[in-house]
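Shown next, in structure tokens, is the structure this report addresses.
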Amino acid sequence: MADIKQEYKGEDVDSGMGNSADPKNMQELTQYVQTLLQNMQDKFQTMSDQIIGRIDEMGNRIDDLEKNIADLMTQAGVEGGDK
């Protein structure tokens, strides 16, 4: 963020870009912020999708584990108490 202030050093960045702000620089800054926010949103969505995928995979593995335990109990002749 410091590099933004340096890039727009001559401008009044800290006080909300008053009347002395060049409209072109304000447009560039607005575009930069929009791009930054979009990139952050994309990364967040990717991470969210990965987490959901891992949770689904874990659920499938737990289901398989429960089935295998039930099969082993049946083979051993142990009556399993269903939940």
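Residues are listed down the side, and each one gets a yes or a no for (1) among the aromatic types (Phe, Trp, Tyr); (2) open to solvent by less than 90 Å² (accessible area, probe 1.4 Å); (3) part of a helix (DSSP H, G or I); (4) in contact with a Cys (Cβ under 6 Å, 6 or more places away or on another chain):
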position: Leu29; (1), (2), (3), (4): no, yes, yes, no
position: Tyr32; (1), (2), (3), (4): yes, no, yes, no
position: Leu36; (1), (2), (3), (4): no, yes, yes, no
position: Asn39; (1), (2), (3), (4): no, yes, yes, no
position: Asp42; (1), (2), (3), (4): no, yes, yes, no
position: Gln45; (1), (2), (3), (4): no, no, yes, no
position: Gln50; (1), (2), (3), (4): no, no, yes, no
position: Ile55; (1), (2), (3), (4): no, no, yes, no
position: Arg61; (1), (2), (3), (4): no, no, yes, no
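Answer with yes or no whether Lys24 is assigned to a loop (DSSP other than H, G, I, E, B), modelled with pLDDT under 95, basic (Lys, Arg) and loosely packed, with under 10 Cβ neighbours inside 10 Å.
Details: assigned to a loop (DSSP other than H, G, I, E, B): no; modelled with pLDDT under 95: yes; basic (Lys, Arg): yes; loosely packed, with under 10 Cβ neighbours inside 10 Å: yes.
Criteria not met by Lys24.
The values are calculated or read from the model by the stated rules, or taken from the named source; none is laboratory data. Keep in mind that what you see is a predicted model, and the values were worked out from it rather than measured. Virtual Cβ from ideal backbone geometry, glycine too; neighbours counted across all protein chains shown. Surface accessibility is based on the protein's heavy atoms, side chains included, excluding ligands, DNA and RNA. Shrake-Rupley method; radii C 1.70, N 1.55, O 1.52, S 1.80 Å.
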